[in-house]
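For reference, the structure is listed below as structure tokens.
The values are calculated or read from the model by the stated rules, or taken from the named source; none is laboratory data. Keep in mind the model is a prediction, meaning the values are calculated, not measured. A quick note on method: Cβ atoms are made from the backbone with ideal geometry, for glycine too, and the neighbour counts reach across all protein chains shown.
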Amino acid sequence: MHSFLISAAHKSSGKTTVSIGLAAALKARGLAVQPFKKGPDYIDPLWLGTAAGRACRNLDFYLSPDDEIRAQFARSGWNADVCLVEGNMGLYDGLDLEGSNSNAALAKLLDLPVALVVDARGMTRGVAPLLLGYQAFDRNIRFAGVILNRLGGGRHESKLRAIIEHYTDLPVLGAIHEDKGLALVERHLGLMPANETHAAERHIAEIARAIAAQVDLDRLLQTSATDVALPRPSLRKVSHGGTPLRIAVARDAAFGFYYSDDIEALNAAGAQLVYFDALRDAHLPACDGLIIGGGFPECFLDDLEANAQLRTEILDAIEAGLPTYAECGGLMYLARSISWKGRTQRMVGAIAGDIVMHEKPIGRGYVKLQPTANHPWHQGDASAPVIAAHEFHYSAIDNLPADTIFAYDIKRGHGVDGQRDGIVYKNLLASYTHLRATAGCDWPARFVRFIRNCRTQGETQRCSA
């Protein structure tokens, strides 16, 4: 088995492109590659999962304790030939002074050697003190080697290789020349998601060919080999008290932000997921509950507005009491309208408010939420623990009625207005916050239980949890 962490000296060094290329190139060799992404992220995992042919998993210190991270890593990686972990930001960057949630901390926790990607533009002899400093800063970090990126040509590569060989003991695993054709398309929330473009697989193949030609894959595998097998996890048991419930899930180019672990947790809780396309499907599937995740609805305003039949059916279902959960982009879609770049388009209208896109982020980063007595899934739970989650949105919601009901008090973050998040209307909960199924936040089980109670009670108004 082989396992390693791809990190960098700083963010925007090209490590995502390198990670995608490595995943695809190693898969092309016939190896089973399990990709992981550190931290909260939907977009990079979509690309990594497409490249590897296996769903990417997220590992997050803020949301999970160390033991749970180890278990998550083993659960997904035990039957892989290669476990590839892409870091976020720089190797030693993190939230606190001690670096307890840094990429370096994750490498130590999982005993992973680090392949350090260095953006070498304009760099010659200065690469040596940079690498020596990274080695000296924490002697407990094992380095598989360095991958030089964005080189100016063959002469630049030769100079850097000679300098690194002379001053350090780090092997150069690869030297990737500048190629604008390998770049991934960027937009306001980061990279364009792989689920939006039919050209994603073709672009991944181009990246893989470039990486395979310029990175020594054999040496990378040699330096990341381990004889320590990951423990085989026990099968996750399905725990529900009746027949599976049908949950309709919007999954398309506009709404694609779902964690693989959350999908599995919904299934384990007794949900049968039925996917639909909010851009093209005219009808909402027959269902007991509805989920609309995050994404980029602002980029598909014409198609979403034009699909009036589906919008009407979703509104009617929510008005009739259909248990519904929406996150960020889903909240935006369920509002009356979305305004962006001088244009305003009608949306579902279940939420009495209007979405306005801004040039800069309104809410960004980790959040802490205290469920209120109005939370539909926590009713009667006066001791509901604070929930750790994350948000990332450029939009705000205007014109909400003064009597709007909220499910959360904000302890950290922004949410809807800096103090509250989680708009509650009948059996709908819509928030800017993205939840993640962890030991401390089993939201899939709570939501499925809520749906089951609603179905049992047969109510068309607000159900009790």
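Any residue at all in region 65-82 that is assigned by TED's automatic domain parsing to the domain that holds Val118, part of a strand (DSSP E or B) and either surrounded by 23 or more Cβ atoms within 10 Å (Cβ to Cβ) or modelled with pLDDT under 95 (or both)? Checking region 65-82: at least one residue is assigned by TED's automatic domain parsing to the domain that holds Val118, part of a strand (DSSP E or B) and either surrounded by 23 or more Cβ atoms within 10 Å (Cβ to Cβ) or modelled with pLDDT under 95 (or both).
For region 342-359, the criterion of a residue being within 27 Å of the chain's Cα centre (by Cα), in a helix (DSSP H, G or I) and not small (Gly, Ala, Ser) is satisfied by no position. Mind checking whether some residue in region 119-134 is in contact with a strand residue (DSSP E or B) (Cβ under 7 Å, 6 or more places away or on another chain), of a type in the set (Lys, Arg) and in contact (Cβ under 8 Å) with a residue 12 or more places away in the chain? Yes: region 119-134 contains one or more residues that are in contact with a strand residue (DSSP E or B) (Cβ under 7 Å, 6 or more places away or on another chain), of a type in the set (Lys, Arg) and in contact (Cβ under 8 Å) with a residue 12 or more places away in the chain. Of the candidates Asp288, Asp277, Asp316, the single residue that is of a type in the set (D, E, K, R), under 14 Å from Ala248 (Cβ atoms) and touching a helix residue (DSSP H, G or I) at 6+ places or on another chain (Cβ under 6 Å) is Asp288.
Is it fair to say Pro129 is of a type outside the set (Lys, Arg), over 18 Å from Asp216 (Cα atoms), more than 22 Å from the chain's Cα centre (by Cα) and in the same structural domain as Gln34 (by TED's automatic domain parsing)? Yes, satisfied.
Checking each residue in region 384-413 for being in a loop (DSSP other than H, G, I, E, B) and either modelled with pLDDT under 95 or under 19 Å from the mean Cα position of the chain (by Cα) (or both) picks out Ala384, Pro385, Val386, Tyr394, Gly413. Within region 316-340, the residues that satisfy the criterion of being farther than 26 Å from Arg436 by Cα and either of a type in the set (S, T, N, Q) or not in a strand (DSSP E or B) (or both) are Asp316, Glu319, Ala320, Ser337, Ser339.
Looking at Val215, is it crowded, with 16+ Cβ neighbours inside 10 Å, touching a Phe, Trp or Tyr at 6+ places or on another chain (Cβ under 6 Å) and not small (Gly, Ala, Ser)? Taking the combined requirement at face value, the residue does not satisfy it.
Among the residues of region 270-281, the one identified as over 22 Å from Pro297 (Cβ atoms) and either in a loop (DSSP other than H, G, I, E, B) or outside the structural domain of Leu315 (by TED's automatic domain parsing) (or both) is Gly270. If you go through region 105-120 and keep only what is under 18 Å from Arg57 (Cα atoms) and crowded, with 18+ Cβ neighbours inside 10 Å, you end up with Ala105, Leu106, Ala107, Leu110, Leu112. The set of residues in region 28-56 that are more than 24 Å from Ala225 (Cβ to Cβ), part of a loop (DSSP other than H, G, I, E, B) and in contact with a strand residue (DSSP E or B) (Cβ under 6 Å, 6 or more places away or on another chain) comprises Pro40, Tyr42. If we keep just the residues of region 414-464 that are part of a loop (DSSP other than H, G, I, E, B) and among the hydrophobic types (A, V, I, L, M, F, W, C), which is modelled with the lowest pLDDT? Checked region 414-464; the qualifying residue modelled with the lowest pLDDT is Cys463. Taking residues in region 245-269 that are assigned by TED's automatic domain parsing to the domain that holds Ile338 and surrounded by 20 or more Cβ atoms within 10 Å (Cβ to Cβ), and partners anywhere that are modelled with pLDDT under 95 and of a type in the set (Ser, Thr, Tyr), the pairs with Cβ atoms closer than 6 Å and at least 6 places apart or on different chains are Phe257/Tyr42. Tallying residues that are within 12 Å of Asp261 (Cβ to Cβ) and surrounded by fewer than 22 Cβ atoms within 10 Å (Cβ to Cβ) within region 42-57 yields 1. Hey, does region 304-317 have a residue that's touching a residue at least 60 places away in the same chain (Cβ under 8 Å) and either surrounded by fewer than 19 Cβ atoms within 10 Å (Cβ to Cβ) or over 23 Å from Ala445 (Cα atoms) (or both)? No, that holds for no residue. Of all residues in region 1-41, those satisfying the criterion of being surrounded by 24 or more Cβ atoms within 10 Å (Cβ to Cβ) and within 14 Å of the chain's Cα centre (by Cα) are Thr16, Pro35, Phe36, Lys37, Lys38.
When Leu290, Leu284, Leu301, Leu230 are checked against the criterion of being buried (at least 20 other Cβ atoms within 10 Å of the Cβ) and assigned to a strand (DSSP E or B), a single residue qualifies: Leu290. Scanning region 332-356 for residues that are surrounded by fewer than 17 Cβ atoms within 10 Å (Cβ to Cβ), within 24 Å of Leu290 (Cβ to Cβ) and not charged (D, E, K, R) yields a total of 1. Per the listing Ala326, Ala335, Ala350, Ala373, the residue uniquely among the aliphatic types (A, V, I, L, M) and at pLDDT below 95 is Ala373.
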